[in-house]
Amino acid sequence: MRKSWVAGAALAAVLLGACGDPSSGPSAGPPAVPEASATTHQRIAASPGTAPSGSPSPGTASPSRTGSGRPPAVLYLGDSLAMENQEVLGRELRGSLRARYTSAPYSGTTLCDYLEGSAERSLVPAADKAAALVRSLRPDYVVLQFWGNSWGYTPCMDGITYDAARERYLERYAADARRLTEQIAAAGAARPPRVVWVLQGPDPVTPDRVRRVNALYEELAAAPSGLLADAGGAVSPAGARYTWSQHLPCNAYERAHPEYCTQRDRDRTALHRDDDYLHFCLAPTTSTPKPCPVRSPGILRMAREITRVIGEHVRGR
């Protein structure tokens, strides 16, 4: 790979607060690096009972309840992918499960940002740490969607990057994941929430990193307190789980709702913009991170898979 591309990608990653790693050459050349956008802090947003303005909720499942006879409470934490997904996921969870939903994503973050005890070296303030939110909100489910920020963007990683020290990065990431799980469980006291680990989609630049991060999530989700949502599989080609693709064939839902099948004449839909191979919002990147403002098939695919997994668990309790 040309050094200029690597340098440009690294700089854009720092400015974006995004979620990949530009250190290794892609197996297939991705589009240009996304435009830069600064990371900003966001206070948590408790979603209202009605869907946001824009397209109607595509959820079709019947409302479900937890074993206690009430709709589930869901807390959604994560990085820039969660930032752009948060309103669509809330719409799906409310529409399908009548969930009480709260989101608190911060762009550019990784797992250590949500650990208590890291406020001074973190992109997430103390009030929005995972354990603090679990104590105040008492969710039934905590959904964690993290690409695995590997560029050293957030100070809580102590400069450990996948490029410079792959095994050290993975060991540190695993330790932070286990510590975060422990803090969430302790904050839940007698009724700890289920932790839903969201598997990530293909990374065109460092595909092996995503495989290994996903393997860690799978291991953690196998614990009694865990659940696994393969949202990344919903944005991967059939039979090629870790092959990046900008477009995929329209699925049954998108054919039935053609506004989500962006190239109907070719029976395929867009997952990424030409200038952003990491994110799934089809609107341009802005200087202030915010929920995606336009219909974006990749976001809906992931949100529906997360909702399906939670719904199946709710109905099985």
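No lab work stands behind these numbers, since they all come straight from the coordinates. Quick caveat: nothing in here was measured; it's all calculated off a predicted structure. When we count neighbours, we look across all protein chains shown, and the Cβ atoms used for this are built from the backbone with ideal geometry, even at glycine.
Placing pseudo-labels 7 Å out from each Cα toward the beta carbon at Leu216 and Ala126 gives an inter-label distance of 2.7 nm.
If we count every other residue with Cβ under 12 angstrom of Gln246's Cβ, Lys/Arg +1 and Asp/Glu -1, where does the sum land? Cβ neighbours under 12 Å give a net charge of -1. Taking every DSSP beta bridge that has both ends in segment 169-317, the antiparallel portion is near 55%.
Need one word for segment 75-161: rounded, prolate or oblate. Basis is the Cα gyration tensor (sqrt eigenvalues a ≥ b ≥ c); a/c below 1.5 gives rounded, then a/b vs b/c decides. It is oblate, given that a/c is not under 1.5 and a/b is not larger than b/c.
When each of His272, His313 is scored by the number of other beta-carbon atoms lying within 10 Å, the sequence from fewest to most is His313, His272. Simple spin-label estimate for Arg255 and Ala164 gives 5.1 nm between the two label positions (7 Å along the Cα-to-Cβ direction from each Cα). Applied to segment 187-194, the Karplus parametrisation 6.51 cos²θ - 1.76 cosθ + 1.60 on θ = phi - 60° returns per-residue 3J(HN,Hα) values of 5, x, 6, 6, 10, x, x, 6 Hz, with x for Gly and Pro. From least to most packed, judged by other beta carbons within 10 angstrom and beginning with the fewest, Ser225, Ser236 follow the order Ser225, Ser236.
Counting other beta carbons within 10 Å of each residue's own, what order do Trp244, Trp147 fall into, fewest first?
Fewest-to-most ranking of Trp244, Trp147: Trp244, Trp147.
In this structure, Thr243 and Ser287 have a Cβ-Cβ separation that, at R0 = 35 Å, corresponds to a calculated FRET efficiency of about 0.65.
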